[in-house]
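Trainee: Below you will find the structure I want to go over with you.
Read-outs throughout are calculated quantities, based only on the coordinates presented, and are distinct from any laboratory measurement. In this text the structure is predicted, and so the values were computed from the model without any measurement. For neighbour counting, all protein chains shown are included, and Cβ atoms are generated from backbone atoms with ideal geometry for every residue, glycine included.
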Amino acid sequence: MRINLIKKLIRWVFLAPLLGASFAVQALEAPRHTPVLTLTGLIGVTNHKEAAVFDMAMLEALPQHEFTTLTPWEDRPIKFSGPLLRDVLRLVQARGQTLRATALNDYRISIPADDAQQFDVIIATRLNEQPMSIRTRGPLFIIYPFNAHPQLQSARYYERSIWQLKAIHVE
């Protein structure tokens, strides 16, 4: 009986910070520069009315990840870097199953929220270590690590890789 009590205590010591972090109310500061990304819908953290609005500095302040991958749009491997999509969703406490992503040209695509958990999908802010202009598919690009998983090398995932991203509505 005492061993079970000790096991429960140890489990609580390790789980408490995780549970506390998931229930903590986080503040999201307001953007200081031109907004580049707006998240709406089923989110728990906002900084502008019913939305979470990010400028580039806010996105680049998040932990950055990078990978180099071949894409169907270029004939050579490209290095992408930016925050993980799942980190951005976690920051705004997204609760939905579907992400409705919209580009500057109003191209829209539905992305299963599970993709962000299953793969290291990033919201790229840089291409080959350089900020992306609208001409180079920027300023934001949801990109999958195509070379890391053979199943990602299909039209289904290429279509979900939306460039010139401006908004995500969580449903």
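Trainee: Cα convex hull of the range 110-171: mean projected area in nm², to one decimal?
Mentor: In nm², the orientation-averaged hull projection of the range 110-171 is 4.5.
Trainee: Name the long-range amide H neighbours of H65: under 5 Å, sequence gap of 5 or more, or other chain; modelled H, no Pro or chain starts.
Mentor: G82, L84
Trainee: Taking a quarter of the surface of the convex hull around the Cα atoms of the range 63-171, what do you get in nm²?
Mentor: 6.3 nm²
Trainee: Moving to a separate point now. In nanometres, what is the gap between the two model label sites at E50 and L70, each 7 Å from Cα along Cα-to-Cβ?
Mentor: 4.5 nm
Trainee: Grab the beta carbon distance between Q130 and A30, set R0 = 22 Å, and tell me the FRET efficiency rounded to 0.05.
Mentor: 0.20
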